[in-house]
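Notes follow once the structure below has been shown.
The values are calculated or read from the model by the stated rules, or taken from the named source; none is laboratory data. Predicted model, so just to flag it, every value in this text is computed and none were measured. Cβ atoms come from the backbone with ideal geometry, glycine included; neighbour counts cover every protein chain shown. Please note that ligands, DNA and RNA were not included when accessible areas were found on the heavy atoms of the full protein model with its side chains. Shrake-Rupley method; radii C 1.70, N 1.55, O 1.52, S 1.80 Å.
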Amino acid sequence: MNTLGNSQKKNSAMLDSDDLASLSLASPTKRFDNVIYSGVEDVLVDRESLLDQYLDALYEKRGSTRENALASTIEVFNNSIQHEFIEHKFATLLHQCLNSIKKGSPKEVALACHAIGLLSLTAGSGEKAREILEESVSPISEALKSTFETSIILSLLACLAVITFVGGEETEHAEKSMQIMWQIAHPKLGSNVVAAKPPASVISTVVTAWSFLLTTVDERALNPRSWQDSLSFLSTLLDKNDRSVRIAAGEALALIFEMGSLEKFCGESKVSGHTCIEGDGSRKTMYINGLKTKANNQMKDLSAEAGGRGSTKKDLINQRNKFHDIVDFLENGHAPETSTKIGRELLHTSSWSQMIQLNFLKHFLAGGFVKHMHENPFLHDVFDFTPEIKLDHHMSAVEKRMYKSPNSVLNKARAQLLNKQRTISMEKHGGYYAVGLVDA
């Protein structure tokens, strides 16, 4: 996700001239020559026409052409909420993106995954989001099984998390995706099979995405046999050398404790000589309390770590603060409260569930986060956030160039319209005919 966010502008280069000579993918604001300028509506419609051209480019054989088209599609979806396009053409874009996941380069797969996630977030909960999830789960699952490329795995995990978050209306939908993720970090294999050890970045992403989906489920409907050793596994991750893995595991544990149904994550397991048997209340309680105490002690140590097990001082401070918050929550029941600036407004969270959701979506949307928080009704519902509508303030840099610059498309359109009106007026009064004037 991060790689894609950082390289988004770089990827939005023009298509090769021998592929589509007349199609520029450099920016959604570059090609306005064919627009009939009658006002703001026509400027906005041009974005949809660009999306149509990018969609056509996804049928091209050359991989670089498809990559550029996907990158430009992502840019448009980041800069504007494309409800009209979603209404009529989401299925076509979805299936072209799924084709890219099946046959594309790692770069193309990453872009296609991000585009599908944005497609789902823009569609919002409902029939279209359900279709996106249903059509995408199997291809994503197969792609995860068939690749060892870390960048591809990370992109697929992020996509699966987002489309399940939006389109998964039942706990079983979330659990299915969570199982796909969990199998990557903690596979259940036969005694004669040795699992390949996933890199730390994959483990941390799995746990983060798994936690993100866990925020959406009704713990009462969880199948305890599916997650019978998740508490103990997450506890072992607190001892790993990678700081991102430790933080992801700590947040997942905090979320589980916040949900309260710890027995759902115990089931039947045997850890450190203690057996936790479903239905045996006293022994299960002893086991859970012991595991909670162990995790609490581990996180106390991490909140006071002196260094040497990570990369930078900033990361160390972040870890200390994070685990200090978790320990405070475990001991005193105080979930951290956060405030995130959205333009001139603040979005507040007061639970681990809300904070995990916000951090994940903020990371996924990257440069499109503020735009979507202001204009995406689905995110308004998720975070109970009602933005104050101020068109001037909430314009993106692209939109300000479109509407406010003296050389903007809209101002040029106004000038063109005024010139035409002057000509008509002069014709009426003096028989004057403009030479070389082309009707808009």
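So the values come out like this:
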| read-out | value |
| --- | --- |
| Of residues in the range 75-125 being open to solvent by less than 20 Å² (accessible area, probe 1.4 Å) and either of a type in the set (Ser, Thr, Tyr) or on the phi > 0 side of the Ramachandran plot (or both), the one farthest from the chain's Cα centre (by Cα) | Ser100 |
| Some residue of the range 336-350 being assigned to a helix (DSSP H, G or I), out of contact with any strand residue (DSSP E or B) (no Cβ under 7 Å at 6 or more places or on another chain), among the acidic types (Asp, Glu) and at negative phi | no |
| Test: residue in the range 232-248 that is aromatic (Phe, Trp, Tyr), touching a residue at least 60 places away in the same chain (Cβ under 8 Å) and open to solvent by less than 40 Å² (accessible area, probe 1.4 Å) | no |
| Within the range 153-180, tally of residues that are more than 19 Å from Leu119 (Cα to Cα), of a type in the set (A, V, I, L, M) and surrounded by fewer than 24 Cβ atoms within 10 Å (Cβ to Cβ) | 2 |
| Boolean, His372 is in contact (Cβ under 8 Å) with a residue 60 or more places away in the chain and open to solvent by 70 Å² or more (accessible area, probe 1.4 Å) | no |
| Helices (runs of 4 or more DSSP H) within the range 94-200 that include 2 or more residues farther than 22 Å from Glu84 by Cβ and free of Cβ contacts under 8 Å to residues at least 40 places away in the same chain | 127-146, 171-185 |
| Residue, surrounded by the fewest Cβ atoms within 10 Å (Cβ to Cβ), within the range 201-229, restricted to residues that are polar (S, T, N, Q) and modelled with pLDDT under 75 | Asn223 |
| Number of the condition not met by Gly333 [criteria: (1) free of Cβ contacts under 8 Å to residues at least 60 places away in the same chain; (2) crowded, with 20+ Cβ neighbours inside 10 Å] | (2) |
| Residue under evaluation Ala295, criteria (1) modelled with pLDDT under 90; (2) more than 19 Å from His334 (Cα to Cα); (3) part of a helix (DSSP H, G or I), criterion not met | (2) |
